[in-house]
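Engineer: Below is a structure I'd like to ask you about.
The values are calculated or read from the model by the stated rules, or taken from the named source; none is laboratory data. Remember, predicted model here, so these are calculated numbers, not experimental data. Note that we place each Cβ from the backbone using ideal geometry, even for glycine, and neighbour counts take in every protein chain shown. Side chains included, ligands, DNA and RNA excluded: accessible areas come from the protein's heavy atoms. Shrake-Rupley method; radii C 1.70, N 1.55, O 1.52, S 1.80 Å.
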Amino acid sequence: MFSLNADFIEKYDADGTLITRVQGSEFPLPKMRLETQSGQPWPVDDGGKAGYSWVDADANLIYALYSGTMRAEENALYTNKVHLFNWDLELIEGFELDHTTHMIAADGKGGIYSLTSEEEGTLIRYIELMN
């Protein structure tokens, strides 16, 4: 469970028992950004705080929409960058989607569903990230 407006993360087991809670000065702040290298997105540690507009998780990974250091007025809620973390908040991989989205949902199999708005209306897309 992630709080968008507070400084904490909680991890629960399938029975709803709290396993870990990290808050305040113990809150881990990922310090990564995506940079394109050889045509592929690659996570780079630039020493700055990373911003995330949406997060979902499954039993193995945390999927986060990376908004960078943009402010809300720069439309940081819509992005095409996804960071994958393990449960120790170590960055595993970064991806650039072929569309912008403001919401993702993990499928539990290494893929995500993304929600995006287009002229035709709201679309739900499926993207397989990990095999």
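Engineer: From the list Ser114, Ser53, which one is part of a strand (DSSP E or B), modelled with pLDDT under 85 and not β-branched (Val, Ile, Thr)?
Structural biologist: On the way: Ser114 fails: modelled with pLDDT under 85.
Criteria check complete, one pass: Ser53.
Engineer: What is the residue count in segment 75-88 for residues that are open to solvent by 60 Å² or more (accessible area, probe 1.4 Å) and touching a residue at least 40 places away in the same chain (Cβ under 8 Å)? Lay out the reasoning, then the answer.
Structural biologist: Filtering segment 75-88 down to residues open to solvent by 60 Å² or more (accessible area, probe 1.4 Å) leaves 75, 77-78, 87-88.
From what's left, touching a residue at least 40 places away in the same chain (Cβ under 8 Å): 87.
So the count comes out to 1.
Engineer: Need the failing condition index for Gly94 against (1) farther than 19 Å from Tyr78 by Cβ; (2) small (Gly, Ala, Ser); (3) touching a Phe, Trp or Tyr at 6+ places or on another chain (Cβ under 8 Å), just the number.
Structural biologist: With (1) farther than 19 Å from Tyr78 by Cβ; (2) small (Gly, Ala, Ser); (3) touching a Phe, Trp or Tyr at 6+ places or on another chain (Cβ under 8 Å) applied to Gly94, the lone miss is (1).
Engineer: Are there any pairs, at least 6 apart or on different chains, whose C-beta atoms fall under 7 Å, with the first in segment 99-120 and in contact (Cβ under 8 Å) with a residue 60 or more places away in the chain and the second hydrophobic (A, V, I, L, M, F, W, C) and exposed (fewer than 14 other Cβ atoms within 10 Å of the Cβ), and if so, which?
Structural biologist: Once the first residue is in contact (Cβ under 8 Å) with a residue 60 or more places away in the chain and sits in segment 99-120, no partner that is hydrophobic (A, V, I, L, M, F, W, C) and exposed (fewer than 14 other Cβ atoms within 10 Å of the Cβ) comes close enough.
Engineer: Taking segment 89-124 as the region of interest, how many residues are exposed (fewer than 13 other Cβ atoms within 10 Å of the Cβ) and of a type in the set (Gly, Ala, Ser)?
Structural biologist: Residues that pass the stated criteria total 3.
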